[in-house]
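K.L.:
Below are the structure tokens for one structure; questions will follow.
The values are calculated or read from the model by the stated rules, or taken from the named source; none is laboratory data. These figures come from a predicted structure and were not determined experimentally. Because the Cβ atoms are built from the backbone with ideal geometry, glycine has one as well, and the counts that use them run over all protein chains shown. Note: accessible area is taken over every heavy atom of the protein model, side chains too, but ligands, DNA and RNA are not part of it. Shrake-Rupley method; radii C 1.70, N 1.55, O 1.52, S 1.80 Å.
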Amino acid sequence: MAVLKVLRVPNPILKQKAKKVEKIDDELKELVNDMFETMYATNGIGLAAPQIGISKRLIVIDTKWRKDSDEKEQIVMINPDIYYKSEELRVYCEGCLSVPGQYEDVTRPDNIKVRYTDLDGNEHDISADGILATVIQHETDHLNGVLFIDYLSSLKRNILIRKVKKMGDKPYNEDDDEDEEDEEI
Ligand code: K2U
Ligand code: ZN
């Protein structure tokens, strides 16, 4: 297993429409293992294959995982298709491993229905709400080249992209910001 490099805005791969997964083989299973390891290592609750440079319609999710507990509920979605979105909406403060350190409120449908295939080739058709619905929509957006910052004003989006570009490839550590806030002005 390996922790992979997560691409950051404005990498063009993040704006591509990913291709459908045609074959579930050992190579794909190894990629899924690496995606989960990368997601946990970066304190994420979801990750889409384009974020690690693989433009395939594949996402991994674990909204139950916490740094200080072993509880996990891993979901692998191959070729996910969201075919229903409720009119009821929900606002959630979203972040993205490809836009490190930036968090903004995003409004999305609160309840969705999604069909997908799992790593064993089994078809699923589930209803999701709350944070799971938010993460599934966020990750499925990645497969279509859409980032959460695309829902913001162009001014705010460009400010966030400029901040991330200034970071370069420097690893982002949440604690860094806390240090800055504590600095005497
Ligand atoms: O796509 C990603 O970069 C994964 C996001 C998943 C996410 C989607 C929607 C709302 C929040 C997160 C990462 O997990 S970002 C880290 C994070 C975790 C929990 C809450 C906010 C940000
Ligand atoms: Zn993201």
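K.L.:
If you add up the charges near L155, with Lys and Arg at +1 and Asp and Glu at -1, over every other residue whose beta carbon is less than 15 angstrom from its beta carbon, what do you get?
P.N.:
+2
K.L.:
Still on this model: List the longest stretch of the chain that has no exposed loop site; here a site is one of the GluC sites (Glu not before Pro) assigned by DSSP to anything other than H, G, I, E or B, with at most 12 other Cβ within 10 Å.
P.N.:
89-182
K.L.:
So what's the net charge close to K85: Lys and Arg +1, Asp and Glu -1, counting the other residues with Cβ under 10 Å from its Cβ?
P.N.:
-1
K.L.:
Do the alpha carbons of any pairs in K17/K170; K19/K166; K20/K156; K56/K113 sit beyond 25 Å of each other, and which pairs?
P.N.:
Over 25 Å apart, Cα to Cα: K17/K170; K19/K166; K20/K156.
K.L.:
Taking each pair of different alpha-carbon atoms in the stretch 1-46 once, compute 1/r for the pair, average those values, and report the inverse of that mean as the Kirkwood hydrodynamic radius in Å to one decimal.
P.N.:
It is 12.1 Å.
K.L.:
Using a 1.4 Å probe on the protein heavy atoms, what percent of the accessible area of the chain belongs to carbon and sulfur?
P.N.:
Ligands and nucleic acids excluded, carbon and sulfur reach 47 percent.
K.L.:
In square angstrom, what is the accessible area per residue of the chain with a 1.4 angstrom probe?
P.N.:
Accessible surface, normalised per residue, equals 57 Å².
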